[in-house]
Every structure is written in C-alpha cells, then in structure tokens.
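**Q** Have a look at this one.
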Amino acid sequence: MGTADDISSSSSDFLNNSDTQVVLNIYDLIPLNQYTYWFGFGIFHSGIEVHGKEYGFGAHDFSASGVFEVEPRSCPGFIYRCSIPLGRINMPPLEFRTFIESAASEYHGDTYHLISKNCNHFTDDMSWRLTGKCIPGWVNRLARLGALCSCLLPESLQVTTVKRLPEYHEGIEDGSESLATSTKSTEIDDTDQAKHLLSPTSVSGDVVFVKEAHK
C-alpha cells in the first residue's frame, strides 16, 4: 500500500502528464466490411482515444450529450478493426476533460444523423480541433456518398435514434459527473432494430455519457 507521499506524487504526475497520443480507433459495423474494406469502402464506427479513454458519438432521443466514453478499442456492440495514430498533443487531462465536455454540448444524441452528423463526423471534428488533421477519408466515405443521393434514402435511414432514456449519475473518481444510459426503454419494432446497429447505447456495456459543459 502506497504512502501519502506516493499518492501525492502519483496525483501530481497525472495532473502534469500533458503529452499524449491522439488515436483513432476504428470498428466494423457489418461482417461485409471484411471484403469491402480492401476497396476503400465499408460501414465503420470510430472513436477518438486521448489520455487512456476512448470517446465516441451515439444516438438517443433526448436533447442531451451523445458523447460517450469507453475503454480503448472496446466499444460494446462493434467489432474492433484497427487504430491509426493521429498525432501528439500537449494538453493536461483536466484541460482535455473541459474540452470534451464543451464539445459534448454540440453533439446531442437527438442530433445524430447517419449522413450529416454521425460518429465519424464527430471523430473527424475532434481530430481537427486537437491535431489540425482530418481522419482518413475512407472511414466516413459512406456518409459522403449518401450525401450525394440523400434524397433517395428513406428517412428511417437518414435519421437514427435509440429509444433509451439517458440519466446523469455521480461517483466518478475525479468528481466530475457523467451521463449513463438508463435501463428504461420502450418497445421497439423492426425499424428500430436497424437503428440499434448504429448506436452503442443499444447494447449493455461500459458506456458512460460525458456530461456537457454548462454555458
């Protein structure tokens, strides 16, 4: 068991550990990706990893943060494919927390849209803000192609939501509040089943929503 000095030293190291790698973690949404990936096409989910946590954007029916955090390369409901280093940044963990909570206010769960504002748009935006680089184009190619023919897509595919009620909870070690998915849910039909494929909130797992910063 560490002494008080050891604990104090560890806390100081954590607060001063500003340098960190920004990593894009990519997941397959469908098994067909195993074949289409080599042609630069597929349906992917992505999350941005910073300071040992991965952040993504998912859908729900409420005007609250849709930004969530999970353990890196372990997003429930998706099949991990690969990781791409995007660059290094010099930002203390607490400063990054403020950054991601501010970003969460721009990404509410009820604004998720398969074509115009999906999880890959989120990681691309975060990558640009943090490193000045975009994510690889092939990760979100489906959305760009869909934007060209969105008038041909049914609304059920263009707008994706999950009928789960998010709720705040406390108890995070650093004292910050996060948003977790409630066990409450409504009855779903076949159309909703397709929607569940596109959001990690549709599965049980260690998904914690980031509470947005108050403005």
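**Q** Considering only residues of region 51-63 that are of a type in the set (Gly, Ala, Ser) and free of Cβ contacts under 8 Å to residues at least 60 places away in the same chain, which is least open to solvent (accessible area, probe 1.4 Å)? Step through it out loud before you land on a result.
**A** Start the filter on region 51-63 by keeping residues that are of a type in the set (Gly, Ala, Ser), which leaves 52, 56, 58-59, 63.
Pick out the ones that are also free of Cβ contacts under 8 Å to residues at least 60 places away in the same chain and you get 52, 63.
Values: GLY52: 45, SER63: 84 Å².
Residue satisfying both the conditions and the ranking: GLY52.
**Q** Okay, moving on. Pull up region 88-111, narrow it to residues that are open to solvent by less than 20 Å² (accessible area, probe 1.4 Å) and in contact with a Leu (Cβ under 8 Å, 6 or more places away or on another chain), then point me to the one that is nearest to ASP28 (Cα to Cα).
**A** By that ranking, first place goes to ILE89.
**Q** Let me ask something else about it. Can you say whether PHE39 is at pLDDT below 95 and crowded, with 18+ Cβ neighbours inside 10 Å, as far as the supplied structure shows?
**A** no
**Q** Residues that are within 23 Å of HIS214 (Cα to Cα): list the strands (runs of 3 or more DSSP E) wholly contained in region 32-143 that include at least 1 such residues. Talk me through it step by step, then tell me what you get.
**A** Details: elements: 44-50, 53-57, 67-70, 79-90.
Filter on region 32-143 gives 44-50, 53-57, 67-70.
**Q** Take the residues in region 75-86 that are in contact with a helix residue (DSSP H, G or I) (Cβ under 9 Å, 6 or more places away or on another chain) and over 12 Å from GLU49 (Cβ atoms); name whichever of them is surrounded by the most Cβ atoms within 10 Å (Cβ to Cβ). Break it down stepwise before answering.
**A** From region 75-86, those in contact with a helix residue (DSSP H, G or I) (Cβ under 9 Å, 6 or more places away or on another chain) are 75-79, 81, 84, 86; that's our starting set.
Subsequent filtering for residues that are over 12 Å from GLU49 (Cβ atoms) retains 76-79, 81.
Values: PRO76: 14, GLY77: 19, PHE78: 23, ILE79: 14, ARG81: 17.
It comes out as PHE78.
**Q** Ok, one more. Is there a residue being surrounded by 18 or more Cβ atoms within 10 Å (Cβ to Cβ), under 12 Å from the mean Cα position of the chain (by Cα) and over 18 Å from SER127 (Cβ atoms) anywhere in region 64-74?
**A** Yes: region 64-74 contains one or more residues that are surrounded by 18 or more Cβ atoms within 10 Å (Cβ to Cβ), under 12 Å from the mean Cα position of the chain (by Cα) and over 18 Å from SER127 (Cβ atoms).
**Q** I've got another one for you. Here is a list: THR123, THR111, THR131, THR186. Which entry is β-branched (Val, Ile, Thr), over 15 Å from the mean Cα position of the chain (by Cα) and modelled with pLDDT of 90 or more?
**A** Numbers: THR123 fails: over 15 Å from the mean Cα position of the chain (by Cα); THR111 fails: over 15 Å from the mean Cα position of the chain (by Cα); THR186 fails: modelled with pLDDT of 90 or more.
Exactly one of THR123, THR111, THR131, THR186 is β-branched (Val, Ile, Thr), over 15 Å from the mean Cα position of the chain (by Cα) and modelled with pLDDT of 90 or more, namely THR131.
**Q** In addition: Return the pairs, sorted by first residue and then second, in which the second residue is open to solvent by less than 30 Å² (accessible area, probe 1.4 Å), the first residue lies in region 130-141 and is over 14 Å from ILE84 (Cα atoms), the beta carbons are less than 7 Å apart, and the residues are 6+ apart or on different chains.
**A** Every condition considered, the pairs that remain are LEU130/VAL22; LEU130/ILE89; ASN140/ASN120; ARG141/GLY40.
The values are calculated or read from the model by the stated rules, or taken from the named source; none is laboratory data. All figures in this text were calculated on a predicted structure; none of them were measured in a lab. Cβ atoms come from the backbone with ideal geometry, glycine included; neighbour counts cover every protein chain shown. Just so you know, the surface numbers come from the protein's heavy atoms only, side chains and all, with ligands and any DNA or RNA stripped out. Shrake-Rupley method; radii C 1.70, N 1.55, O 1.52, S 1.80 Å.
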